[in-house]
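Structure record follows, encoded as structure tokens.
The values are calculated or read from the model by the stated rules, or taken from the named source; none is laboratory data. Predicted model, so just to flag it, every value in this text is computed and none were measured. No Cβ is skipped: glycine too gets one built from the backbone with ideal geometry, and neighbour counts run over all protein chains shown.
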Amino acid sequence: MLALGLNVRNRIRLPKDGPAIIIANHNSHLDTMVLMTLLPINILNKVHPVAAADYFLRNRFLAWFALSIVGIIPLDRQIKGMHKDPLAGASEALSCGKILILFPEGSRGEPEQMSILKNGISHLAKRHPDVPTTPIFLHGLGKALPKGEAILVPFFCDVFVGKPLFWQGSRQQYMTELNNQFDSLADQFPHSDECS
């Protein structure tokens, strides 16, 4: 990240090994790369972003890069009916001790605007109740490389790492706690028009 300055808070809360889930808000294609750079290099072979198959597998070159270089686990967002489990690949990866990166908003939103979290993450947490979910709030990346742009703008950006959360038996409780953590993390940023 030569063009970005990152101010990381509470880095000690990041997972040291898998299985683990990292979730973050999503404003930029830089989000995944930034999250991967936060982790120790010796565990990067265990880190797999979960990403939309319809977007990242839409042509041969992008599919090769996403699968072979970034190491994504494709998520099929277009499944009709109940014949295929969209979380099967992610669930299998957690069973094998991997660290997953997910964006529960579903897709990149407007720069620096957080959307409502989708509850797909709760289905994965329910299947793996002993696996920690670490929320991370990213600020500034939506300005550094906004959706629809191809030119990187240098910025100092902030990364706020939340406390790991475990499944506690209720989807509503789990999602409420995740939303509360994101609200708390966002409140740590001194709101202004510029990155810190």
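Some points to look at:
- Residue 92 being surrounded by fewer than 16 Cβ atoms within 10 Å (Cβ to Cβ), at pLDDT 80 or above and within 20 Å of residue 52 (Cα to Cα): yes
- Taken over the range 6-50, the criterion of being of a type in the set (Gly, Ala, Ser) and in contact with a Pro (Cβ under 8 Å, 6 or more places away or on another chain) is satisfied by 20, 24, 28.
- Selection of the range 13-44 for residues being polar (S, T, N, Q) and in contact (Cβ under 8 Å) with a residue 24 or more places away in the chain yields 25, 27, 28, 32, 37.
- Qualifying residues in the range 117-176 (those that are in a loop (DSSP other than H, G, I, E, B) and of a type in the set (A, V, I, L, M)) - the one modelled with the highest pLDDT: 131
- Single residue of 42, 10 found to be at negative phi and surrounded by fewer than 19 Cβ atoms within 10 Å (Cβ to Cβ): 42
- Within the range 95-116, tally of residues that are at pLDDT 85 or above, in contact with a Leu (Cβ under 8 Å, 6 or more places away or on another chain) and in a loop (DSSP other than H, G, I, E, B): 1
- The range 20-37 - residue that is within 18 Å of residue 178 (Cβ to Cβ) and either of a type in the set (Asp, Glu) or touching a Gly at 6+ places or on another chain (Cβ under 6 Å) (or both) and, of those, surrounded by the most Cβ atoms within 10 Å (Cβ to Cβ): 27
- Any chance residue 75 is closer than 24 Å to residue 138 by Cα and either of a type in the set (Gly, Ala, Ser) or at pLDDT 80 or above (or both): yes
- Qualifying residue in the range 59-66 (condition: more than 27 Å from residue 165 (Cβ to Cβ), in a loop (DSSP other than H, G, I, E, B) and modelled with pLDDT of 80 or more): yes
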